[in-house]
Amino acid sequence: LSESGGDVLNVSGLGFVYGIPIFLAGAALKYAEIEPVPCYSTPDGERIFESKATDIIQKIKQDVTRHRYGDEAHLDTTVKKLGLVVPGKDYPQLQELREEMTEDGELAFTMVWQSYDTPFKLWADEKRRKKYETFFGPGVGAEVVKIDAEQRLVGIRLTTGGPLKVEEAKEAVSA
């Protein structure tokens, strides 16, 4: 009787000693988890993605459509390097990706952000838009699209086929 009581105590002790740290580590990972971002695509968009997506666009999609741990947000270092984080405010949150084929047969890859603290004018600044082309390039044009003003959704739309002309970019912002 005393032997079996000792075994139960030893198993419980091991469970306590190893179980609590494992539970705490799991809880910490769950707290730091960032859910994958959904990617919405038309059938033409999926097909054109396979043939026209640049290495950078492929890496972005691969990176944000999986679970992440310990970051502020998806692509948090990217929005910081692009100057889209207002000091002392929350990071813009990537909400979704969109893939579609343009009228001229190019890939349009849109990253849709919810940005409560960064004003649209900052996103759409012409110097910054040109910076998007070099940052996410080579071989892409970039435009900023106001998706939903009420929900503060803004998109960076990357289009394969090279940088946009200034007139094209201004039309996209005013649309």
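Could you calculate the FRET efficiency of VAL86 with THR42 from 1/(1 + (r/R0)^6), where r is the beta carbon distance between them and R0 is 41 Å, rounded to 0.05?
That pair, VAL86 with THR42, gives E of 0.75.
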Using only the Cα atoms of region 95-137, build the gyration tensor, take square roots of its eigenvalues as a ≥ b ≥ c, and label the shape rounded, prolate or oblate: rounded if a/c is under 1.5, else prolate if a/b is larger than b/c, else oblate. oblate
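Counting only heavy atoms of the protein chains, get the accessible area per residue of region 42-151 (1.4 Å probe) and round it to a whole Å² value. Mind showing how you got there, number by number?
Values: 6090 Å² over 110 residues.
Ligands and nucleic acids excluded, the result is 55 Å² per residue.
The values are calculated or read from the model by the stated rules, or taken from the named source; none is laboratory data. The structure displayed is predicted, hence computed values, not measured ones. Here Cβ is always computed from backbone atoms with ideal geometry, including for glycine, and neighbour counts include all displayed protein chains. Quick note on the areas: whole protein, heavy atoms, side chains included, nothing else; ligands and nucleic acids left out. Shrake-Rupley method; radii C 1.70, N 1.55, O 1.52, S 1.80 Å.
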